[in-house]
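What follows is one structure encoded as structure tokens, with my remarks underneath.
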Amino acid sequence: MDLGLTGRVAIVTGGSRGIGKAIAGELAREGADVAVCGRTRETIGEAAEALAKDTGRRIIPVVADTTKWDSVTRLVETVVAQLGRVDVLVNNAATPGGLVSGPLADADEAALLEDLNTKVLGYLRCAKAVAPHMRERGWGRIINIGGLSGRRAGNISGLRNAAIVHLTKTLADQLGAHGITVNLVHPGPTRTERTDEETARRASSNAIRRMVDAREIGLVVAFLASAKAAAVTGVAVDASGGSIPVMFQ
């Protein structure tokens with residue numbers, strides 16, 4: 001299926017490894033040019049080089065810190081200057097699992113605020129920076145990467161993923177009239193280049209009885225980023241292979 005992404009330009013935050021890198025790869029395979037961004041120049045550069053070699057598309061590395069507005073605006077300015085436009089934003093920059101995962105007695109306020117600043121406010125900053133460019137063209141896709149802790153208890157840092165649900169729907173309502181869709185993908189345990197076989201085995205208790213691969217998350221995101229998904233906005237997609245034993249309406 002032609003997803004209509006050829007010639008589009010995407011930004012993927014947290015794109016140096018794992019799910020972010022896999023998403024960048026799938027967008028590029030569908031014909032998009034991609035800016036992968038992160039805080040470390042070396043790892044972002046290595047990722048961009050590998051993705052360009054693998055996909056044949058133009059992949060640029062951009063060092064950016066989404067906890068700082070000035071850094072986010074420079075990111076978008078750099079992408080527009082080098083690639084000409086911004087059509088797709090994938091918000092993925094966050095600490096996997098969050099920084100506050102223990103009991104209430106051990107919860108550190110500073111760590112939780114860092115989680116919220118990186119993931120919730122970081123996603124907001126990036127969306128705010130790209131939205132004017134998308135509105136000008138009358139077309140855009142924003143995909144937020146959340147996590148299943150937003151749908152189940154057990155991890156205090158999971159509240160950031162619950163907040164992303166509200167942010168996604170609010171932005172979808174505000175931006176929809178301008179041709180911009182905003183959606184959320186909740187990965188569960190996901191196989192990346194850093195996953196060992198024992199971890200994969202323990203994560204195979206979902207409905208499909210295997211660990212979801214990062215590239216499969218990338219395929220979901222590529223569809224939501226495409227021209228084919230114009231009618232889908234303001235929704236949260238569970239891409240965990242059926243890890244939660246209930247269905248959300």
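No value in this document is a laboratory result; all are computed from the given coordinates. Only a predicted model underlies this, so the values are computations on that prediction, with no experimental measurement involved. Here the Cβ positions follow ideal geometry from the backbone for every residue, glycine too, while neighbour counts run over all protein chains shown.
A few remarks follow.
- The stretch 102-249: C-alpha gyration tensor shape, a/c 1.5 cut-off, then a/b vs b/c: oblate
- Net charge contributed by nearby residues that have their C-beta within less than 13 Å of I44 (K/R +1, D/E -1): 0
- Net charge of Cβ neighbours under 9 Å - reference N161; Lys, Arg +1; Asp, Glu -1: +3
- Extension gain, E109 to S204: 0.36 nm times the residue separation minus the Cα-Cα distance gives 30.9 nm.
- Difference of contour (0.36 nm per residue) and Cα-Cα distance, A162 to E136: 6.3 nm
- Relative contact order of the stretch 9-239: 20 percent, from C-alpha pairs under 8 Å at least 6 residues apart in sequence.
- Shown is the FRET efficiency for D173 and T73, computed with R0 = 22 Å from the Cβ-Cβ distance and rounded to the nearest 0.05: 0.35.
- Scattering from the stretch 174-249 was approximated by placing one identical point on each alpha carbon and applying the Debye formula without solvent; log10 I(q)/I(0) at 0.24 1/Å stands at -1.08.
- The value obtained for the stretch 9-239, namely the Cα convex hull volume divided by the number of residues, is 123 Å³ per residue.
- The chain, helix-only ellipticity at 222 nm - DSSP H runs n ≥ 4, -39,500 (n - 2.57), divided by all residues, nearest 500: -12500 deg cm²/dmol
- Ranking of C37, C126 by neighbouring Cβ atoms within 10 Å, starting from the fewest: C126, C37.
- Each Lys and Arg Cβ is given +1 and each Asp and Glu Cβ -1; about its Cα centre, the chain then shows a dipole of about 460 debye.
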